[in-house]
Structure formats: structure tokens, C-alpha cells
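A short worksheet on the structure shown next.
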Amino acid sequence: MSAVPKPMLELVPMREADVDAVSAIEQGAHPFPWTRGNFVDSLRAGHSAWVFREAGALVGYGVLMVTVDEAELLDITVVPECRQRGLGGTLLGQLFEVARSHGAQRMLLEVRAGNESGLALYRRFGFAEIGRRRAYYHGKEDAIVMAREL
Ligand SMILES: CC(C)(COP(=O)(O)OP(=O)(O)OC[C@H]1O[C@@H](n2cnc3c(N)ncnc32)[C@H](O)[C@@H]1OP(=O)(O)O)[C@@H](O)C(=O)NCCC(=O)NCCS
């Protein structure tokens, strides 16, 4: 029997079994990380949560909350050792497809004003600033609200 070739990159639904690994990455990736419980709650709330694998290894994840015609990007993270080689953009592009498939016409997100890689990724992929929430992150740092038509 010949082996069926698998795509190198796959986006698959996040399961509770993934949460320990995801949350370990999250703790090192964000100054105000989601807790393990935040991921479990998010899955149980029915958010659209995904893990991104390259040749089977977990290289990133993303979480969307889709309402009637809008999707909010709640989290997108690539593991540090795999950054700046296009995976974040590929993951974001696949999340656009997921959001469109749910009928969303616009994607919204909040990003820390000091998150240069996040801001660069979002600008590169067509997001524009539509507002700012002062001291949104633990009373310390502003959030920039961005949006992009899908
Ligand atoms: C933001 C993040 C997901 C980007 O992932 P990535 O795999 O490095 O992104 P890519 O390699 O696909 O880069 C896509 C674009 O983003 C921009 N970018 C990404 N990292 C950058 C950096 N460190 N500095 C400047 N621009 C950057 C570039 O414009 C790049 O496009 P280009 O290569 O054509 O110039 C990743 O840095 C990360 O996980 N950061 C920690 C978590 C986080 O802050 N998430 C976003 C807010 S929730």
C-alpha cells in the first residue's frame, strides 16, 4: 500500500487535548497571555479555534469569534522558533477563509499598541486602525482596534 502524502501545513480544529501545548506557547508569546482556562472556556463557548501544524508539529494557533457578519480575531500566535518565515501570514489567510465560510464580511481585532510584529502583520494583510482603547491591557497599555473587509 502506498502512503498518502500529507500537506506540510494543515489547519485543524483545536481540541481540549491541544490546550496544554497551546497554553504553554501562549505564556511565552504574550505579555498578557490567555490562561489555560481561557482556552478551555473559549472552546466550550464554541469559538472557532484552530491549531496550525507543519509536518505534524504544532507551529501556531488562532481563535476567532464569529457573530452574524463579523469575525473577531481573539488570538493568533506562531511559535518563536518558526517566526518570520511566512507562517503567521499563511495562518491569517486561512483564518480569513474560515471567517468567510461562516458568512463574516469583516474581521476585527485588538492589538497592543507596542506589539510591533503584530501591527506589522496586520497592516501587511490589509487591516486599518479604526479606534483605540486607552489603557486596555491591565490599565497599562492601549489597544489599537483594527478592521479589514473580507
Ligand atoms: C505576530 C506573529 C503571529 C507573526 O507571525 P510570523 O510567522 O512571524 O509572521 P510572517 O512571517 O508570516 O510575517 C508576515 C508579515 O508580518 C510582518 N512581520 C512579522 N513579524 C515581524 C517583525 N518581527 N517585525 C516586522 N514585521 C514583522 C511582516 O510585514 C511580514 O511580511 P513580510 O515578510 O512580507 O515583510 C508572531 O510574531 C507572533 O506569534 N507573535 C507573538 C504573538 C502575537 O503578538 N500575536 C499577535 C497579536 S494577538
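For the listed peptides 47-53, 128-134, a ranking on the average number of other beta carbons within 10 Å per residue, highest first, reads 47-53, 128-134. Over the chain, all Cα pairs binned in 5 Å intervals from 0 give whole-percent P(r) values of 2, 9, 18, 21, 22, 16, 6, 2, 1, 1, 0, 0, 0, listed from short to long. Counting only DSSP beta bridges with both residues in the chain, the antiparallel share comes to about 90 percent.
Label positions at V68 and A135, each projected 7 Å from the Cα along the C-beta direction, are separated by 3.5 nm.
Residues whose amide H falls under 5 Å from that of G103, counting only those 5 or more places apart or on a different chain, are absent, with hydrogens built in the peptide plane. The phi-based Karplus calculation (6.51 cos²θ - 1.76 cosθ + 1.60; θ = phi - 60°) puts the 3J(HN,Hα) values of segment 69-78 at 10, 10, 10, 9, 7, 8, 7, 8, 8, 10 Hz, whole numbers, x for Gly and Pro.
Each value in this text was obtained by applying a stated rule to the coordinates, not by laboratory testing. It should be emphasised that the depicted structure is a prediction, and the values quoted were computed from it without experimental measurement. Cβ coordinates were reconstructed from backbone atoms using ideal geometry, including for glycine residues, and neighbour counts include every protein chain displayed.
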